[in-house]
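One structure is given here, and the rest of the page talks about it.
The values are calculated or read from the model by the stated rules, or taken from the named source; none is laboratory data. This is a predicted model, so every value here is computed, not measured. For neighbour counting, all protein chains shown are included, and Cβ atoms are generated from backbone atoms with ideal geometry for every residue, glycine included.
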Amino acid sequence: MDSSTLLMLAAVITIASLILAFSFLIRLLQAKSKLKNILEILNDIQAGNGNHKILASPNDITAVICYKINDIVYNYEEQLASLRKATETNKQLMTSLSHDVRTPLTTLIGYLDATHKGIVQGKERETYIETARHKAHDLKDYIDVLFDWFKLNSNEETFSIQPFEISELTRDILKDWIPIFEEKTLDYDIDIPERPIIVKVDSEGYTRVINNLIQNVLTHSNASHIKVSVSNRSNQVEICITDNGKGISKEDIKHIFERLYKCDKGRSEKGSGLGLSIVQQIVKNMSGTISACSEPYKYTSFTIKFPLKK
């Protein structure tokens, strides 16, 4: 190889090295600029603006880092939104507690003080004692609901999901309600198939759901008729509880399962506003779904769906 060829080869190598170095320098400057941009956005996010996203093309040297930061920020914003919602719910709950617990407690004390001091006598005294007893039971029911809600939201509630014959389980629950229906002269229609339907549920949780929905009818609907049905729909089972009471408006039905939500129309003001939210959480924990539909002064129907055991 002669000297001219060597010189030419050296020149090519030099030029290639310069081009490579220049290219590397450009990418380094781009990366430095991008990192500066990332730092500015992170400072902005730290200041409370979580809506920022770091843009990067797939071939960008910082693309992997940018995408990862975006994921972290997105998850952080979701957790922050959930925390804000929980904080707001807790504030509402404390406001509700001050009214829904203190008011009946004050009334209860008033009735008991009147009987204790001899302000009322005879039949009136008996009436006061009976009223105080009802107030105490109402207060206990409210506190029980609160404990259920706190346990579910602190993940302290444990569920034992096992295969159950849902028709028989539902019959066992309803047999305790039939005397109450008859006492309140509430017509009832029970439509449960004789053939076995196997579903994976927590028996105690399922019982609480059905009892809560039936109690909801008795407490709020002013219905004269209730129907409970169990049906097998292809790959799932449907449990429907329907009444012919006052119903729920279209606006209220959208929020019926929200925590602390109380319907302004078509339902009694009595209640914590937590019952249906608890029902939905229990059903969800058993891999089921619950929905509601209603037409005011015609009907209200709650439908629970569970996948059939495979």
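Things worth noting here:
- Taking the criterion of being within 19 Å of residue 277 (Cβ to Cβ) and surrounded by fewer than 19 Cβ atoms within 10 Å (Cβ to Cβ), the residues of the stretch 200-211 that qualify are 204, 207, 208, 211.
- Positions within the stretch 96-140 being under 27 Å from the mean Cα position of the chain (by Cα), modelled with pLDDT under 80 and either surrounded by fewer than 13 Cβ atoms within 10 Å (Cβ to Cβ) or assigned to a helix (DSSP H, G or I) (or both), in sequence order: 96, 97, 98, 99, 100, 102
- Unique match (being at pLDDT below 95 and under 24 Å from residue 193 (Cα atoms)) among 265, 310: 310
- Lone qualifier among 190, 173 - being over 24 Å from the mean Cα position of the chain (by Cα), buried (at least 16 other Cβ atoms within 10 Å of the Cβ) and assigned to a strand (DSSP E or B): 190
- Among the residues listed as 197, 180, 166, the single one being in contact with a Leu (Cβ under 9 Å, 6 or more places away or on another chain) and surrounded by 16 or more Cβ atoms within 10 Å (Cβ to Cβ): 197
- Across the stretch 283-301, the number of residues qualifying as more than 18 Å from residue 251 (Cβ to Cβ), in contact with a strand residue (DSSP E or B) (Cβ under 9 Å, 6 or more places away or on another chain) and of a type outside the set (Gly, Ala, Ser) comes to 5.
- Among the conditions (1) of a type outside the set (Gly, Ala, Ser); (2) part of a helix (DSSP H, G or I); (3) within 27 Å of the chain's Cα centre (by Cα); (4) surrounded by 12 or more Cβ atoms within 10 Å (Cβ to Cβ), residue 147 misses just one, which is (4).
- Residue identified as polar (S, T, N, Q) and on the phi > 0 side of the Ramachandran plot among 221, 229, 234: 234
- Of the numbered criteria (1) surrounded by fewer than 16 Cβ atoms within 10 Å (Cβ to Cβ); (2) touching a helix residue (DSSP H, G or I) at 6+ places or on another chain (Cβ under 7 Å); (3) at pLDDT below 90, the one residue 289 fails is (3).
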